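What follows is a short report on a single structure.
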Amino acid sequence: MANNILTIDMITRKSLEILENSLVLTRNINRQYDDSFAVQGAKIGSTLRIRLPDRALVTDGAALQVQDDNEQYTTLTVNSQKHIGVNFTTAELTMQLDDFAERVLKPRISQLASSIDADVANVFKSTFNSVGTPGTTPATSMVLLQAQQKLNESAAPMSPRYATVNPAANAGLVEGMKGLFNPTNTISRQFKNGMMGEGVLGFDEVNMSQSIKQFTTGSRNTTGTVTTTVSTQGQATIDITGSGSQTLAAGDVFTIAGVYAVNPQTRESTGSLQQFVVTAANTASGGAYTSVAISPAIYTASNALATVDSFPQASAVVTFLGAASTQYPQNLVYHKDAYTFATADLLLPQGVDMASRQVHNGISLRVVRQYDINNDRMPCRIDVLYGYSAIRPQMATRLWG
């Protein structure tokens, strides 16, 4: 019996299914689909506005003290369009859908998924919490528990939490934890597939991704000092001593002596120095890095948005994580809502051979095929338009390797 001709909608749905199943990091973060772009189609640079939870101070006594609304917003820009091209003939459209997917779609779309994951993995540059020893591959339960500690101290909900690590860290963790107090079925899965699996140390899933980023630190010294006392609530820059034309890289992490992190609910010190991340590259000039952009912004415990117990003081020692000009893997541990990934509908062109768009679980994917009369070919493109952001970076931590 002759096979049915595959339709463009069937191909698009199958492509979307393969893409979604091939994503690793992106699969386990908050995904928002903006259907306001569904009619006309979105363009590069379209923006989504995301509201963050309100925070307020608790006051003592019977007298009412009304506080203004303190809701925070962040803007997510949909500015990344990735596609993969493939040629398929009318003869291939007579194949069974599963055969067509296995031979034609899966090899290409898996690469598209890996490229998207690698892009999203750049959220580490906005993540300030850090655990692990730079230069040492994570291989113990302690480092995962320390990551959980960071999330707990930042008042992140207990579930769902995930860890995404590179192949080296995955191998180290499976080997290092194989004899611990794991249920028999968990150990069995680890032995069979070499993966940490689900339900380990409070994580909904510990998975491996080849898309985890390598980060090269700036050429800065390991230590410096604060040059100017900070005294303004919400300040997101700081001046630090530097040498020659050394650099700070976006993603460099440092602590400041005497500046401790606070729990965002109680606003009391956690006993751990607050970690800051450099959010924009900076080059030393005149013996200092001037107006270094950092996250989180500096708020003391008297403010509803408190991040530290006290302002950084001039001459306080600044200590950077990791050696200068050295590359380290940036594995990620995070609550689902720490990061967000949003897609929008691309315009469906008219006058082409085939065009279709499908949406599932917050991912919009478009497939377009056209006839090339000059070369007698049928080129096809599969596109995703998306944006990503660390909207609650305090609910995540970097696991250095």
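The values are calculated or read from the model by the stated rules, or taken from the named source; none is laboratory data. Bear in mind that the values here come from a model prediction, so they are computed numbers and not experimental data. Because the Cβ atoms are built from the backbone with ideal geometry, glycine has one as well, and the counts that use them run over all protein chains shown.
Below, the figures for the structure above:
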read-out: Qualifying residue in region 216-226 (condition: at pLDDT below 95, hydroxyl-bearing (Ser, Thr, Tyr) and outside any loop (DSSP other than H, G, I, E, B)); value: no
read-out: Index of the failed condition, residue 353 passing every other in (1) in contact (Cβ under 8 Å) with a residue 40 or more places away in the chain; (2) touching a Phe, Trp or Tyr at 6+ places or on another chain (Cβ under 8 Å); value: (1)
read-out: Breaking point among (1) closer than 17 Å to residue 128 by Cβ; (2) surrounded by fewer than 21 Cβ atoms within 10 Å (Cβ to Cβ); (3) of a type in the set (Asp, Glu), for residue 252; value: (2)
read-out: Of all residues making up region 80-133, the number that are part of a loop (DSSP other than H, G, I, E, B), modelled with pLDDT under 90 and not hydroxyl-bearing (Ser, Thr, Tyr); value: 4
read-out: Meets criteria (among the β-branched types (Val, Ile, Thr), surrounded by 15 or more Cβ atoms within 10 Å (Cβ to Cβ), over 27 Å from residue 152 (Cβ atoms) and touching an Asp or Glu at 6+ places or on another chain (Cβ under 9 Å)) for residue 227; value: yes
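Every residue, every condition in (1) of a type in the set (Ser, Thr, Tyr); (2) farther than 20 Å from residue 235 by Cβ; (3) crowded, with 21+ Cβ neighbours inside 10 Å, yes or no:
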{"residue": "298", "(1), (2), (3)": "no, no, yes"}
{"residue": "303", "(1), (2), (3)": "no, no, no"}
{"residue": "310", "(1), (2), (3)": "yes, no, no"}
{"residue": "313", "(1), (2), (3)": "no, no, no"}
{"residue": "323", "(1), (2), (3)": "no, yes, no"}
{"residue": "329", "(1), (2), (3)": "no, yes, yes"}
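Condition check ((1) modelled with pLDDT under 90; (2) surrounded by fewer than 16 Cβ atoms within 10 Å (Cβ to Cβ)) across all residues:
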{"position": "339", "(1), (2)": "no, no"}
{"position": "345", "(1), (2)": "yes, no"}
{"position": "354", "(1), (2)": "yes, no"}
{"position": "373", "(1), (2)": "yes, yes"}
{"position": "377", "(1), (2)": "yes, yes"}
{"position": "384", "(1), (2)": "no, no"}
{"position": "389", "(1), (2)": "no, no"}
